[in-house]
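First comes the structure, then the notes that go with it.
The values are calculated or read from the model by the stated rules, or taken from the named source; none is laboratory data. Keep in mind it's a predicted model, so treat the numbers as computed, not measured. All Cβ positions, even for glycine, are placed from backbone atoms using ideal geometry, and neighbour counts span all protein chains on display. Note: accessible area is taken over every heavy atom of the protein model, side chains too, but ligands, DNA and RNA are not part of it. Shrake-Rupley method; radii C 1.70, N 1.55, O 1.52, S 1.80 Å.
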Amino acid sequence: MLGTACLAHMLHDGYSDMLYLLFPFWQRELALSLTEIGTLKTLYSGAMAAGQVPAGRLGERWGERLPLVAGTLLTAGVVLALHQAGSALVLGALLVLGGLGASVQHPLSSTLVSRAYDGPRLRTTLGTYNFAGDIGKVVIPGLLALLMAAFGWRAGTGLVGVLGLAVAGVLVTALAPRAAAAAHRDRPLPPPRPPLPEPVRRRGFATLSAIGVLDSATRTGLLTFLPFLLAGKGAGASAIGGALSLVFAGGAAGKFTCGALATRIGVLRTVVVTEAGTALAILLLLALPLPYALALMPALGVALNGTSSVLYGTVPEFARGGSAARAFGFFYTVTIGAGAVAPTLYGMAGDALGLSGSLLLVALVVLLVLPLVALLRPALRHRAAPA
């Protein structure tokens, strides 16, 4: 089941992040403002966030197979249809449909993983699953960049859409009812962990979620307008595509790097390092010429994506007994929702303050994580204390 969940994660995360490559083309062809570009990203991510909890309920009622395959087919169909969008209204409607299709992936794939693995292995397998999403963010935007360079963005998106149909076919076979049943038949149950006091658990989970909200808003806000910053420094479409691939590759490496760093220096210090590093990288991007800015992309990816791997692995620490799936569902909803709203807000700031002013605001907002880390420390210390 882990391989199937990873395949779905690769495709859907790749589809979501390839939109950053398409925004400059849509802006030019449809004469869109930065606010409108941000709104397009908000529509996709907002629909994806809104569908998280309903998708989980569909999985509980009908099993994971049908909703996951149907959502993958819907999103792939939207990607196939993007080249026909002749107005911002049609484009926005398509992105809403695509986001709804993509909403099934996180809750249902996470459920497949948590059902097949438990105990100490669960954190490792969830890390592998999250890493697969970052691989998709490298491979699919990189593939689209090559296809756009060869055939243009319209044909390129169509070919990437066909890939999604093929993945849906694989999911149909891999998630056959017999395989799903065998994946968790006779699975031993882990011993229960001593529960946190409810006030401590609630404060800790609320603070962790707030950190996740700021981290997600920073990521989507920066990535939505990074292509425009690079274009302003003289980068062409191929260079922008390559730069985003470097960011996503750095993000994939950041999953492992920051996981190891958290083991060595602790979760809280790792979050401080990654978020402060993100703010510093944004400031450097604004000041550096294009060649140096491009060289900074992998390090930016490590800092930008590294925090999320640490946060996801901490969610079960604050889940009420037996409700880890609900805790993940809530955490995904609020973080994806923040990532949905942020591009519109930063787009409005960009129209008012200019692109550099908007990105400077992103750098300042991410530093709000630092006082939240101090609030999270007592809850993590309580969890680490012997029972």
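A probe of 1.4 angstrom, applied to the heavy atoms of all protein chains, finds LEU364 with accessible area near 100 square angstrom. Take the Cβ-Cβ distance between ALA88 and ALA155 as r, set R0 to 22 Å, and report the resulting FRET efficiency rounded to the nearest 0.05. Rounded to the nearest 0.05, the efficiency is 0.55. In terms of accessible area, using a 1.4 Å probe and ignoring ligands and nucleic acids, SER110, SER238 rank largest first as SER238, SER110.
Compute the relative contact order of the chain as a whole-number percentage, counting only Cα pairs closer than 8 Å that sit 6 or more residues apart in sequence.
It comes to 27 percent, rounded to a whole number.
Within the shell of other residues whose beta carbon sits under 15 angstrom from the beta carbon of SER245, the net charge comes to -2, with Lys and Arg scored +1 and Asp and Glu -1. Taking the helices alone, the chain has a mean residue ellipticity at 222 nm of -29000 deg cm²/dmol, built from -39,500 (n - 2.57) per DSSP H run of at least 4 residues and averaged over all its residues.
Could you work out the local net charge near ILE135, counting Lys and Arg as +1, Asp and Glu as -1, over the other residues with Cβ closer than 10 Å to its Cβ? That works out to 0.
Solvent-accessible area assigned to carbon and sulfur over the chain amounts to 69 percent, based on a 1.4 Å probe.
For the chain, the dipole from Cβ point charges (+1 on Lys and Arg, -1 on Asp and Glu) about the Cα centre works out to 1100 debye, to the nearest 20. Based on the Cβ-Cβ distance of PHE25 and ALA276, what FRET efficiency does E = 1/(1 + (r/R0)^6) give at R0 = 35 Å, to the nearest 0.05? Calculated value: 0.55.
Projecting label points 7 angstrom from Cα along Cα→Cβ for ALA287 and LEU370 puts them 1.6 nm apart. What the chain shows is 42 Å² of accessible area per residue, with the surface traced by a 1.4 Å probe over protein heavy atoms.
Which one of LEU223, ILE240, LEU7 has its Cα pushed farthest toward the positive end of the charge dipole of the chain, where Lys and Arg give +1 and Asp and Glu give -1 at the Cβ? Comparing the listed Cα positions along the dipole, LEU7 ranks first. Once you sort the root eigenvalues of the Cα gyration tensor of the chain as a ≥ b ≥ c, which label holds: rounded (a/c under 1.5), prolate (a/b larger than b/c) or oblate (the other case)? In terms of gyration-tensor shape, oblate.
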